[in-house]
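Once you've had a glance at the structure underneath, I'll fire off some questions.
The values are calculated or read from the model by the stated rules, or taken from the named source; none is laboratory data. It should be emphasised that the depicted structure is a prediction, and the values quoted were computed from it without experimental measurement. A quick note on method: Cβ atoms are made from the backbone with ideal geometry, for glycine too, and the neighbour counts reach across all protein chains shown. Areas reflect the complete protein model, heavy atoms only, side chains present, ligands, DNA and RNA absent. Shrake-Rupley method; radii C 1.70, N 1.55, O 1.52, S 1.80 Å.
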Amino acid sequence: MEEKEISRAVISRLPIYYRYLGQLVDEGVERVSSKELSNIMRSSASQIRQDLNCFGGFGQQGYGYNVKFLYEEIGKILGLDKKHNLVLIGAGNLGQALANYVNFERRGFIIKGIFDKNTVLHGKTIRDITISPMEDLNSFVLNNNIDIAVLTIPKESAVVVTQDLVKCGIKAIWNFAHVDLDVPEGIVVENVHLSESLMKLSYDLNRKELEN
């Protein structure tokens, strides 16, 4: 398939397709039409067809989509057919919640190490992973084929830690710190601002209340 620019809006919907298709696979559904999928996802059938056509289509006229095949193909597009080694930096409440989320491993994201500057946490374990001091982070990343770093630390620390991770050859950062990170080209950063999501929810709630 010829490489072409795919919009971020389309890419942002791929995990949603993957989730719903996974549910259909678990239910034993073998095929689904764009209309049926639109009813499940509360989206339009034309939007679904347009999105999937960006990657080759996958459907057959009069048949629809083979659910298992489409599920696996979207997984490949998302890179979920590969294993990714992670380090989690910050073992506070959010960090511990992420470390305990078992679906990461089911999707191929393997937490290899957890790090925190709080000496009280050193030596404790989360799902059999020992929390280590920050001083050990750089050597651990270099020696354990780490692809992704997850940052759940204050923004002041995140900037410094990111600089060290870049030197160690990190490929991607999942950033929960309240700061936009400055990284060299080629390193992927996904910023997660939880407060922004809550504000969007507040906006929708406020709009509903005004309509009533």
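For the condition surrounded by 12 or more Cβ atoms within 10 Å (Cβ to Cβ) and touching a Phe, Trp or Tyr at 6+ places or on another chain (Cβ under 8 Å), what is the one hit in ARG49, ARG13, ARG31?
ARG31
Given the criteria in contact (Cβ under 8 Å) with a residue 40 or more places away in the chain and basic (Lys, Arg), does LYS117 qualify?
yes
Quickly run through segment 48-72 and pick out the residues that are closer than 15 Å to SER7 by Cα and touching a Lys or Arg at 6+ places or on another chain (Cβ under 8 Å).
ASP51, CYS54 - these are the residues of segment 48-72 that are closer than 15 Å to SER7 by Cα and touching a Lys or Arg at 6+ places or on another chain (Cβ under 8 Å).
Also, I was wondering about something else. Identify, please: which residue in segment 146-157 is closer than 13 Å to LYS117 by Cβ and modelled with pLDDT under 95 and is, among those, surrounded by the fewest Cβ atoms within 10 Å (Cβ to Cβ)?
Restricting to residues being closer than 13 Å to LYS117 by Cβ and modelled with pLDDT under 95, the top hit is GLU156.
Moving to a separate point now. Kindly indicate whether ASN143 is open to solvent by 40 Å² or more (accessible area, probe 1.4 Å) and either of a type in the set (Ser, Thr, Tyr) or touching an Asp or Glu at 6+ places or on another chain (Cβ under 7 Å) (or both).
no
With the requirement that a residue be closer than 15 Å to GLY113 by Cβ and open to solvent by 50 Å² or more (accessible area, probe 1.4 Å), what does segment 165-187 give you?
TRP174
List the number of the failed condition for SER44; all other conditions in (1) surrounded by 12 or more Cβ atoms within 10 Å (Cβ to Cβ); (2) within 30 Å of ARG127 (Cα to Cα) hold.
Going through (1) surrounded by 12 or more Cβ atoms within 10 Å (Cβ to Cβ); (2) within 30 Å of ARG127 (Cα to Cα) one by one, SER44 breaks only (2).
Looking at VAL102, VAL87 in this structure, which one is among the β-branched types (Val, Ile, Thr) and modelled with pLDDT of 95 or more?
Of the residues listed, the single one that is among the β-branched types (Val, Ile, Thr) and modelled with pLDDT of 95 or more is VAL87.
Within the group ASN93, ASN85, ASN103, which residue is closer than 18 Å to ASN145 by Cβ and not hydrophobic (A, V, I, L, M, F, W, C)?
The unique qualifying residue is ASN85.
Okay, next question. For VAL161, state whether it is among the hydrophobic types (A, V, I, L, M, F, W, C), under 21 Å from LYS83 (Cα atoms) and buried (at least 16 other Cβ atoms within 10 Å of the Cβ).
no
Additional query: I need the full set of residues from segment 119-132 which are part of a loop (DSSP other than H, G, I, E, B), modelled with pLDDT of 95 or more, of a type outside the set (A, V, I, L, M) and surrounded by fewer than 13 Cβ atoms within 10 Å (Cβ to Cβ), in order please.
Across segment 119-132, the qualifying residues are THR119, GLY123.
Out of LYS82, LYS76, I need the residue that is more than 17 Å from ARG13 (Cα to Cα), surrounded by fewer than 16 Cβ atoms within 10 Å (Cβ to Cβ), out of contact with any strand residue (DSSP E or B) (no Cβ under 7 Å at 6 or more places or on another chain) and not hydroxyl-bearing (Ser, Thr, Tyr). Which one?
Checking each option against the conditions leaves just LYS82.
For the structure I just gave you, tell me whether VAL25 is touching a residue at least 12 places away in the same chain (Cβ under 8 Å), of a type in the set (A, V, I, L, M) and within 30 Å of GLU190 (Cα to Cα).
It is true that VAL25 is touching a residue at least 12 places away in the same chain (Cβ under 8 Å), of a type in the set (A, V, I, L, M) and within 30 Å of GLU190 (Cα to Cα).
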